[in-house]
Every structure is written in structure tokens, then in C-alpha cells.
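Asker: Got a structure for you, written out below as C-alpha cells; questions coming shortly.
The values are calculated or read from the model by the stated rules, or taken from the named source; none is laboratory data. Please read these numbers as outputs of a predicted model, since none were measured by experiment. Here Cβ is always computed from backbone atoms with ideal geometry, including for glycine, and neighbour counts include all displayed protein chains. Please note that ligands, DNA and RNA were not included when accessible areas were found on the heavy atoms of the full protein model with its side chains. Shrake-Rupley method; radii C 1.70, N 1.55, O 1.52, S 1.80 Å.
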Amino acid sequence: QAHLVESGGGLVQPGGSLRLSCAASGISFSIYVMAWYRQAPGKQRELVATITSDSSTNYANSVKGRFSISRDNAKNTVYLQMNSLKPDDTAVYYCKAVFVGLNYWGQGTQVTVSS
């Protein structure tokens, strides 16, 4: 059974950094496209970044140049390095694993950017 667990969220001041992790189990991790989404209060969930099985990456315009997605297939883990954080980055961050018609979500981790 697939299981994704995010960690690394918290409270950070504007301009600060956080590194989110998403540990996967129960799937053949290396073949999955992995993605980070976020959902702010009162807003729709939005795609933040993706990384393919061959580590090609893509980012939402709002985070380009500030966020970096990476994966460690040996650890079945995907990361999201977030730098130069802004209050608008405040949201619950979710990871998602996608392969053909299969997709799995984690439970989310809260990121709050505030002084």
C-alpha cells in the first residue's frame, strides 16, 4: 500500500529557508513522477514543482529561482528546498506520486512565513 509522509514544515521569517521532505513507501519510487503542491487558506491547491523519473524538473512561475525540487531514489524521498520565502508561500504543502493512472498523496505539512 502506498504511503507518502511529508516533513520539514514550520514557521519561518520572510527571506528564510525551509527544506521539505517526502518519504515514500509501498511504491516503486524511482519510476514515479513526484510533485509538490500547496494549498493556502481559501484557495485552490496549486502545483509548485515536479520532477520526473529521470530528474527533469519544472516549476510554477511564482517559485522559479527560489525553490528547488530533487529526489533521492536510494532513500525513496523527494525534497523541496525553499529559499527567499515570502508570506504568500504560506500554505499546506503536499507531495504527490504519479505513474500512468496511479496517483498518491501525502497528508501535508504546514509552512507559515511570518515575522
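Asker: So what's the net charge close to Arg45: Lys and Arg +1, Asp and Glu -1, counting the other residues with Cβ under 12 Å from its Cβ? Walk me through the numbers before you get to the answer.
Answerer: Numbers: positive: Arg38, Lys43, Lys96; negative: Glu46.
Residues close to Arg45 contribute a combined charge of +2.
Asker: Still on this structure, please answer the following. Roughly how much of Ser55 is accessible, in Å² to the nearest 10, using a 1.4 Å probe?
Answerer: 60
Asker: On to the next question. Excluding Gly106 itself, calculate the net charge of residues whose Cβ lies under 13 Å from the Cβ of Gly106, where each Lys or Arg counts +1 and each Asp or Glu counts -1. Mind showing how you got there, number by number?
Answerer: Values: positive: Arg38, Arg45, Lys96; negative: Glu6.
Residues near Gly106 contribute +2 overall.
Asker: Next question, about the same structure. Grab the Cα-Cα distance for His3 and Asp72, subtract it from 0.36 nm times how many residues apart they are, and report the gain in nm with one decimal.
Answerer: On the way: separation 69, 0.36 × 69 = 24.84 nm, distance 1.65 nm.
In short, 23.2 nm is gained.
Asker: By how many nm would the segment from Lys43 to Gln13 grow when fully extended, if each residue of separation counts as 0.36 nm and the alpha-carbon distance is taken off? Could the numbers behind the result be given before it?
Answerer: Working: separation 30, 0.36 × 30 = 10.80 nm, distance 2.19 nm.
Gain on stretching Lys43 to Gln13: 8.6 nm.
Asker: While we're looking at this one, here's another question. How large is ³J(HN,Hα), in whole Hz, for each residue of segment 2-15 in order, when computed from phi with the Karplus curve 6.51 cos²θ - 1.76 cosθ + 1.60 and θ = phi - 60°, using x for Gly and Pro?
Answerer: 6, 8, 10, 10, 8, 8, x, x, x, 9, 9, 6, x, x
Asker: Give me the aspartates and glutamates in straight-line cross-link reach of Lys75: C-alpha distance below 20 Å, same-chain residues under 8 apart excluded.
Answerer: Straight-distance partners of Lys75: Glu6, Asp54.
Asker: Give a residue-ordered list of calculated ³J(HN,Hα) values for segment 98-115 (Karplus: 6.51 cos²θ - 1.76 cosθ + 1.60, θ = phi - 60°; whole Hz; x for Gly, Pro).
Answerer: Each residue of segment 98-115 in turn: 10, 8, 6, x, 9, 8, 9, 10, x, 8, x, 9, 7, 10, 10, 10, 7, 8 Hz.
Asker: Just to verify a number: what accessible area does Val92 come out at with the full protein assembly present, 1.4 Å probe, Å² rounded to tens?
Answerer: Using a 1.4 Å probe on the heavy atoms, I get roughly 40 Å².
Asker: Hey, another quick one. At a 1.4 Å probe radius, carbon and sulfur cover how many percent of the accessible area of the chain? Write down the numbers at each step before the final one.
Answerer: Working: 2810 of 6000 Å².
Here carbon and sulfur together make up 47 percent of the probe-accessible area.
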